[in-house]
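First comes the structure, then the notes that go with it.
We did not get these values from a lab; they are worked out from the coordinates using the rules stated. The model shown is predicted, which means the values in this text are computed figures rather than measured ones. Every residue, glycine as well, gets a Cβ built from its backbone with ideal geometry; the counts of neighbours run over all protein chains shown.
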Amino acid sequence: MSGKVTGSVCLIEDTREYGKNNFRKKKVILLQNQGKYDNYIPVEFIQDMCDEADQLEMGMEVTIEYRLSGRKWINPEGEERFFLSLEVKDFETANMAHAVEATQDDEGKEDVPF
C-alpha cells in the first residue's frame, strides 16, 4: 500500500547501519499542525534514499510518497511484536516545487535579474 503525506521537517536523525549487510536507515519526523493537537509522523529513508534525505533541513515543508510496510517479530521470550513503518519512495520539498515554477515563469523574459 502506498500514499502521500505532507508536513514540515521537525527532526532528522543520523543514518544508522544494521547487520552484516550494511542495511541503512534514516528516520525523519514530519510535523502536521492540525489545530488542537500536532501530528508527528515518522518516515524512514532506506538504503540509497538515506543520501537523498541529506537535502532536507529543519522546518522545510515536504511531501513524502511512501510505501506502508508492516512486520512481525518474535522476541527471545516468544512474544510477538508488530511494527509499522512508512518507507519513503520519493519526496518533494516546497522549495523544489517553487524552483521549478520560478524557472517556468522566467522563460521568455529578456530582463536580466541583476
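Between Tyr40 and Tyr18, the C-beta separation translates, for a Förster distance of 25 Å, into a calculated FRET efficiency of about 0.60. Straight-line cross-link partners of Lys89 among the lysines, defined as a Cα under 28 Å from its Cα and at least 8 positions apart when in the same chain: Lys4, Lys20, Lys25, Lys26, Lys27, Lys72. Among the GluC sites (Glu not before Pro) found in the stretch 20-98, those both in a DSSP coil and sparsely packed, with 10 or fewer other Cβ atoms within 10 Å of their Cβ, are Glu77, Glu79. Multiplying each eigenvalue of the alpha-carbon gyration tensor of the stretch 2-106 by 5 and taking the square root yields semi-axes of 30, 17, 12 Å, largest first, rounded to whole angstroms.
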